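The values are calculated or read from the model by the stated rules, or taken from the named source; none is laboratory data. All figures in this text were calculated on a predicted structure; none of them were measured in a lab. Quick reminder, even Gly has a Cβ in these numbers, built from the backbone with ideal geometry, and neighbours come from all protein chains shown.
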Amino acid sequence: MSDQDRQRTMLLTGASRGIGHATVKYFSDRNWRGLTCSRQPFSEHCPWPGGAENHVQVDLADPNDTIAAIERIRDKLGDGKLDALVNNAGISPKAEDGGRLNTINTDLRTWGHVFHVNFFAPVVLARGLKDELQAAGGAVVNVTSIAGVQVHPFAGAAYATSKAALAALTREMAFDFGPLGVRVNAIAPGEVETAILSPGTDQIVAKLPLQRLGQPEEVASAIYFLCSDASSYVSGAEIEVNGAQHV
């Protein structure tokens, strides 16, 4: 089978809901094989073929478990090629009353927990699967956030700073992985209609230039673009997918 005829493979973290769920479905509908990672076992509610066989259960907050998962992922690849790594998993803890955790009231352990999932796991996975990405001439997409560039009323300080760091990491990775033929980009979603929207989001949406929530599929299509040949000369970029919320 020629490389052009080979089915492409994507690895995505945080696949169990929201943007991750929509992204795996979007790629699957375009004949990509989707390897998924999440803390939970594979759910039968995930509507893509071969999902259970292509799922790796891993706690990205645990560095040892993340490192160990690389070998399990490598075993599932088969041909030693990974066309796309999408670092989508992210956590944003709330206070006991559901409020925003800021720089004053966020416990140090919480900072570490958030950064392990949102920032360090993408580094570990990309570096651990470097050879497989290089073999495929693949792409890495890091999912950042509007909260990485402006204070957000709901996103906590640890989440926001981890996403800002992930944007900087994207530039560093694009520089380091470029000579290997691997492109690295990011997308920064804004207010997207998922099951975890915070109360009061409608007040933010009313002030957006597009005056509506984004849909998970719209974010998925941007991720797909950055993983496809259509973006073959795009690297080190962060695409805002937020209805002009950042302007």
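Quick notes
- Residue count for the range 215-233, restricted to those that are farther than 17 Å from ASP29 by Cβ and of a type in the set (Ser, Thr, Tyr): 3.
- Screening VAL184 on (1) at pLDDT 75 or above; (2) assigned to a loop (DSSP other than H, G, I, E, B) shows it passes everything except condition (2).
- Members of the range 85-141 that are over 13 Å from ALA61 (Cα atoms), outside any helix (DSSP H, G or I) and among the small types (Gly, Ala, Ser): ALA95, GLY98, GLY99, GLY137, GLY138, ALA139
- Taken over the range 146-184, the residue count meeting the criterion of being touching a Gly at 6+ places or on another chain (Cβ under 9 Å), of a type in the set (S, T, N, Q) and surrounded by fewer than 22 Cβ atoms within 10 Å (Cβ to Cβ) is 1.
- Residue within the range 90-108 that is in contact with a strand residue (DSSP E or B) (Cβ under 9 Å, 6 or more places away or on another chain), of a type in the set (Val, Ile, Thr) and on the phi < 0 side of the Ramachandran plot present: no
- Boolean, VAL151 is β-branched (Val, Ile, Thr), farther than 20 Å from VAL219 by Cα and over 19 Å from the mean Cα position of the chain (by Cα): yes
- Among (1) outside any loop (DSSP other than H, G, I, E, B); (2) at pLDDT 95 or above; (3) over 15 Å from ALA160 (Cα atoms), the one test that LEU82 misses: (1)
- Flag if GLY99 is more than 24 Å from GLU132 (Cα to Cα) and without any contact (Cβ under 8 Å) to a residue 24 or more places away in the chain: yes
- Screening GLY128, GLY51 for residues that are out of contact with any Leu (no Cβ under 6 Å at 6 or more places or on another chain), modelled with pLDDT of 95 or more and buried (at least 16 other Cβ atoms within 10 Å of the Cβ) leaves exactly one candidate, GLY128.
- Filtered residues of the range 1-24 (kept if surrounded by 15 or more Cβ atoms within 10 Å (Cβ to Cβ) and either of a type in the set (A, V, I, L, M) or in a loop (DSSP other than H, G, I, E, B) (or both)): ARG8, MET10, LEU11, LEU12, GLY14, ALA15, SER16, ARG17, ILE19, ALA22, VAL24
- Across the range 187-206, the number of residues qualifying as touching a strand residue (DSSP E or B) at 6+ places or on another chain (Cβ under 8 Å) and at pLDDT below 95 comes to 6.
- Of residues in the range 25-48 being touching a Cys at 6+ places or on another chain (Cβ under 9 Å) and over 16 Å from LEU125 (Cβ atoms), the one surrounded by the fewest Cβ atoms within 10 Å (Cβ to Cβ): LYS25
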